[in-house]
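To start, the structure under review is shown below, and the notes come after it.
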Amino acid sequence: MIEVRFYATLRIGRDKIYHVSPREFSTVAELLAYFRMATDEAATFLINGTQATWEDSIKDGDVVELFPPVGC
């Protein structure tokens, strides 16, 4: 399973943690489309604690953390 964690305002209307099947997703972009997120809704992505991009691959056992944009 892939563990997906939402932080701050991304948790509004969502649970904090989801577990999804790795068979359905191969990239962060596909994962976010599953959660019906707009491309500007999440600004920072981490895969297993390392900064990632939309195109980075995800696999079984990964932890994906999503953070919203932060203002000053």
**Report entry** Arg36, Arg5 arranged by Cβ crowding within 10 Å, fewest neighbours leading
**Finding:** Arg36, Arg5
Query raised in the report: Toward the positive end of the charge dipole of segment 7-72, about the Cα centre and with charges on Cβ (Lys, Arg +1; Asp, Glu -1), which of Val64, Thr50, Leu10 goes farthest?
Result: Leu10
**Report entry** Fewest-first ranking of Val70, Val4, Val20, using other Cβ atoms within 10 Å as the exposure measure
**Finding:** Val70, Val20, Val4
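Bear in mind that the values in this text are calculations on the coordinates, not laboratory data. This one's a predicted model, so the numbers in the text were calculated from it and none came from an experiment. Cβ: placed from backbone, ideal geometry, glycine included. Neighbour counts: every protein chain shown.
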